[in-house]
1. State which residue pairs qualify: first residue in contact (Cβ under 8 Å) with a residue 60 or more places away in the chain and of a type in the set (A, V, I, L, M) and inside region 1-13, second residue more than 8 Å from the ligand (Cβ to nearest atom) and part of a loop (DSSP other than H, G, I, E, B) in any location, beta carbons under 6 Å apart, and separation of 6 or more residues or different chains.
2. Counting only residues that are more than 7 Å from the ligand (Cβ to nearest atom) and part of a loop (DSSP other than H, G, I, E, B), which one in region 8-30 is nearest to G198 (Cα to Cα)?
3. Please go through region 169-184 and pick out each residue that is of a type outside the set (D, E) and out of contact with any Ser or Thr (no Cβ under 7 Å at 6 or more places or on another chain).
4. Tally time: how many residues in region 99-114 are closer than 26 Å to R157 by Cβ and at pLDDT 95 or above?
5. Tell me, which helices (runs of 4 or more DSSP H) wholly within region 63-180 include 1 or more residues that are surrounded by 23 or more Cβ atoms within 10 Å (Cβ to Cβ) and among the small types (G, A, S)?
6. What tally of residues in region 178-227 results from selecting those that are of a type in the set (D, E, K, R) and within 16 Å of the ligand (Cβ to nearest atom)?
7. Within region 200-217, count every residue that is assigned to a loop (DSSP other than H, G, I, E, B) and touching a Phe, Trp or Tyr at 6+ places or on another chain (Cβ under 8 Å).
8. Just to check your reading of the model, which residue among E151, E133, E158 is among the acidic types (D, E) and in contact (Cβ under 8 Å) with a residue 40 or more places away in the chain?
Amino acid sequence: MNCCVCGAGPDNASIHIKTPGFRLVRCRDCGMVYRPESPVSETDPYGKEYFTDRNEYLGRRDEFHAAFEELVGKIRRRKGGGHLLDVGTGIGTLMEVASEKGFRVSGVEYSPWASNFARTEKGLNVFTGTLEEAGFPGETFDVVVLNHVLEHLDQPRETLREVRRILKRDGVLVVGVQNIESIMARLLGAGWYSIKPGEHIWHFSPATLSRLVREAGFEVIEKESRENNLPSGWFAKKYLQMAINAVAVLTNRSEAMLLFARIDPRSDA
Ligand SMILES: [Zn+2]
């Protein structure tokens, strides 16, 4: 696997994290942190268990609902309505919230189980597969959201190019990812919950995220450092986490980043 930002190979990278059976490297050219090898897995990592056993998307539905209300509120300040596409919609919670707030909503979800749940239990319009497979017509959407999705994709730059094609010329791109340069990531190293070797290929920083988005043909409008949507896996240490988060927000080194971008017309050529 080569660096998704600058294309340099893993031979041009240094070790960032190494544990038995797993490593992350940091690209010497651009600073991107990534997993150079694909882990061997017998089963689909995004099957039913992904959405149920971890007791997150279903069991913590109300918490997600509240977090997404805040996110949709931020989107509405930049685009008041229209057709919103949620890429990697899971069981469709963000779509539900956006719909309640007046958007027409569509979704794409790789997991057959989750997309089927969103369609049958919630009546949402969700395509099963990748964004590229969905093959939407050009300039279809007013807003495209990739919330905690880019880090999972084999080719995030190509997916962002596809987003650019299907976004209206005055549309808004919304990207949420974790921040590998956050205080929490530095403190916890390989134990940081977002490392997830089986799922996360790419670990963005503010600089590498902006560069990837720009090179895919967008102009960054705004970027904010924010607490991770939901503290997880840290039950006993929740208050320590809250204290660190407070410092992290003040110093722009929170666990998550939210980026808004629009199409850069100069990159049409
Ligand atoms: Zn690079």
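The values are calculated or read from the model by the stated rules, or taken from the named source; none is laboratory data. Values in this document were obtained by computation on a predicted structure and should not be read as measured data. Note: ideal-geometry Cβ built from the backbone for every residue, glycine included; neighbour counts use all protein chains shown.
1. What qualifies is M1/P36.
2. Of region 8-30, the ones more than 7 Å from the ligand (Cβ to nearest atom) are 9-26, 28.
Within this subset, residues satisfying the condition of being part of a loop (DSSP other than H, G, I, E, B) are 9, 20-21, 28.
Working: G9: 21, P20: 14, G21: 11, R28: 24 Å.
Out of the qualifying residues, it is G21.
3. Narrowing region 169-184 to residues of a type outside the set (D, E): 169, 171-180, 182-184.
Once the filter is applied, which keeps residues that are of a type outside the set (D, E) and out of contact with any Ser or Thr (no Cβ under 7 Å at 6 or more places or on another chain), region 169-184 yields R169, G171, V172, L173, V174, V175, G176, V177, I183, M184.
4. Total meeting the criteria: 5.
5. Working: elements: 93-100, 112-122, 131-134, 156-166.
Those helices (runs of 4 or more DSSP H) span 93-100, 112-122.
6. Residues of region 178-227 that are of a type in the set (D, E, K, R), as a first pass: 181, 186, 196, 199, 211, 214-215, 219, 222-224, 226-227.
Filter once more, so that each one left must be within 16 Å of the ligand (Cβ to nearest atom): 181, 211, 214-215.
Residues that pass the stated criteria total 4.
7. First, the residues of region 200-217 that are assigned to a loop (DSSP other than H, G, I, E, B): 200-201, 204-205, 216-217.
From what's left, touching a Phe, Trp or Tyr at 6+ places or on another chain (Cβ under 8 Å): 201.
Final tally of qualifying residues: 1.
8. Details: E133 fails: in contact (Cβ under 8 Å) with a residue 40 or more places away in the chain; E158 fails: in contact (Cβ under 8 Å) with a residue 40 or more places away in the chain.
Result: E151 is the single residue among E151, E133, E158 that is among the acidic types (D, E) and in contact (Cβ under 8 Å) with a residue 40 or more places away in the chain.
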